Amino acid sequence: MNARNDAMHATRIEGPMAWTMDSLEPSSWRIPVPPAVTQEILDMLQAMRRAPAPFQAYAPEQFELQQTRAFLRGPVRLVLDHGIGICVLDRLPTEQMTVDEARAVYWVFSSLLGRPVAQKHNGNMMADVKDAGIPMKAGTAARGSTSRELLEFHNDGANTPRPPEYVGLLMLQEPKSGGLSRAFSVISGYNWLLEHHPEVLPRLYEDFAYFRMREHDPAEPACMVAPFLHVDKGVLKARVGPYQMKSAFEMGEADMDDATADAVAALDELFAQDQLVAEFYMAPGQLQFVNNQVIVHSRTEFVDNDEEGKRRHLLRIWLRDQGDPSYNGR
């Protein structure tokens, strides 16, 4: 996609996703899980205990989940697709589950919202988000999800041919301190750029290089190219991957000309606008879902607990109905 698409959004974009922090309350993104849904989850947990299996062997059709299906495909989908694009569901009774049980419950629960897809080239369908003590370094496969370092604003899979449509996080164990979740609307970001740096918008509709984090066949290139902004069925979407983009430049896989440098500088300024950021802490059992190509997210640095069983731990799932369920979604 190229600069001519900028004409599709030459003026401010209005609507629920054009939010700022001042226009939101915690109730804007927090949705209580209804008691009837909680009961269905507990009934499903008991059924799983009677017939244990690997989490991927379970499917929603095996359980009585009418209320859960209506909840996820009704009010939750409404917020994600036509509301502010992010929600925190409060909450699942994970204190009554082992980690493996929570993984299985989360798998079935999320499958009612969308189709789970691989998060790595090796086909891993669910990620454990835990600090592995591996520092982020350009050109390596180190991921922010396995580090306690500050995680910049991004959307998941920005460096893949088909990024997930929704991304979910289930909090199992919170850290000792820090780890503040942050969210930012691409729509609000576009409006800010239109007002403050309209000159960079044409460049953002052109291709950027994204380091693929070594998640590809060895015969394939180390980076892929795609526009930072594009319009899909009238909806403005973005591929926000600062680490992958900067890695491509540092690896010599992309050139930093003047127009690109100006665009990158404007993006750095944009994502420093605190008035455009929603912030919240997640508690055990809470689930965060985002409309991944319209809402970008980040996390502040955190300090973890010393005991292994009390260290920060989340489960992440990618949901996408387009393409096949492989990492690249061919």
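The values are calculated or read from the model by the stated rules, or taken from the named source; none is laboratory data. Keep in mind that what you see is a predicted model, and the values were worked out from it rather than measured. Methodologically, a virtual Cβ is constructed for each residue, glycine included, from the backbone with ideal geometry; neighbour enumeration extends over all protein chains shown.
In region 54-61, the count of residues that are out of contact with any Lys or Arg (no Cβ under 8 Å at 6 or more places or on another chain) and more than 27 Å from P325 (Cβ to Cβ) is zero. Residue count for region 232-263 under the criterion of being surrounded by fewer than 19 Cβ atoms within 10 Å (Cβ to Cβ), closer than 19 Å to H197 by Cβ and hydrophobic (A, V, I, L, M, F, W, C): the result is 3.
Limited to region 282-321, what total is found for residues that are touching a helix residue (DSSP H, G or I) at 6+ places or on another chain (Cβ under 8 Å) and of a type in the set (A, V, I, L, M)? The number of residues fulfilling the criteria is 8.
Looking at this structure, is L180 surrounded by fewer than 19 Cβ atoms within 10 Å (Cβ to Cβ) and modelled with pLDDT of 95 or more?
Numbers: surrounded by fewer than 19 Cβ atoms within 10 Å (Cβ to Cβ): yes; modelled with pLDDT of 95 or more: yes.
Here the answer is yes, as L180 does meet what is asked.
Step by step: first the residues of region 79-122, then only those that are assigned to a loop (DSSP other than H, G, I, E, B) and polar (S, T, N, Q), then the one that is surrounded by the most Cβ atoms within 10 Å (Cβ to Cβ). Which residue is that? Selected residue: Q119. Set side by side, the residues P75, P16, P52 differ, and just one is under 24 Å from A278 (Cβ atoms), modelled with pLDDT of 95 or more and either in contact with a helix residue (DSSP H, G or I) (Cβ under 6 Å, 6 or more places away or on another chain) or outside any helix (DSSP H, G or I) (or both), which is P16. Annotation: of all residues in region 222-267 being basic (K, R) and in contact (Cβ under 8 Å) with a residue 60 or more places away in the chain, the one that is farthest from V186 (Cα to Cα) is K246.
Here A283 fulfils each of the conditions (1) of a type in the set (G, A, S); (2) under 19 Å from the mean Cα position of the chain (by Cα); (3) surrounded by 20 or more Cβ atoms within 10 Å (Cβ to Cβ) apart from (3).
Residues in region 205-227 that are modelled with pLDDT under 90, under 20 Å from the mean Cα position of the chain (by Cα) and not hydrophobic (A, V, I, L, M, F, W, C): R214, E215. Counting the residues of region 25-38 that are in a helix (DSSP H, G or I) and surrounded by 14 or more Cβ atoms within 10 Å (Cβ to Cβ) gives 4. Within region 41-78, being under 22 Å from the mean Cα position of the chain (by Cα), surrounded by 15 or more Cβ atoms within 10 Å (Cβ to Cβ) and hydrophobic (A, V, I, L, M, F, W, C) holds for F55, F71, L72, V76. Taking region 141-158 as the region of interest, how many residues are in contact with a Phe, Trp or Tyr (Cβ under 8 Å, 6 or more places away or on another chain), over 30 Å from Q96 (Cα atoms) and at pLDDT 95 or above? Number satisfying all stated conditions: 4.
Is it the case that some residue within region 186-195 is in a strand (DSSP E or B), in contact with a Leu (Cβ under 8 Å, 6 or more places away or on another chain) and crowded, with 21+ Cβ neighbours inside 10 Å? The answer is no; no qualifying residue exists. If we keep just the residues of region 65-112 that are in contact (Cβ under 8 Å) with a residue 40 or more places away in the chain and among the basic types (K, R), which is farthest from N291 (Cα to Cα)? Looking at residues that are in contact (Cβ under 8 Å) with a residue 40 or more places away in the chain and among the basic types (K, R), I get R103.
Considered as a group, the residues in region 287-321 that are β-branched (V, I, T) and in a loop (DSSP other than H, G, I, E, B) include one that is surrounded by the fewest Cβ atoms within 10 Å (Cβ to Cβ), and that residue is T300. Figure legend. Inter-residue proximity from region 184-200: first residues closer than 30 Å to F289 by Cα, second residues among the aromatic types (F, W, Y), beta-carbon distance below 7 Å, spacing 6+ or different chains. Indicated pairs: F184/F153; F184/F271; S185/W19; S188/W19.
With respect to (1) on the phi < 0 side of the Ramachandran plot; (2) crowded, with 19+ Cβ neighbours inside 10 Å; (3) in a loop (DSSP other than H, G, I, E, B); (4) at pLDDT 95 or above, the lone exception for M125 is condition (2).
Just to be sure before I move on: is Q273 polar (S, T, N, Q), at pLDDT 95 or above, touching a strand residue (DSSP E or B) at 6+ places or on another chain (Cβ under 9 Å) and buried (at least 21 other Cβ atoms within 10 Å of the Cβ) in the structure I sent?
Numbers: polar (S, T, N, Q): yes; at pLDDT 95 or above: yes; touching a strand residue (DSSP E or B) at 6+ places or on another chain (Cβ under 9 Å): yes; buried (at least 21 other Cβ atoms within 10 Å of the Cβ): no.
Here the answer is no, as Q273 does not meet what is asked.
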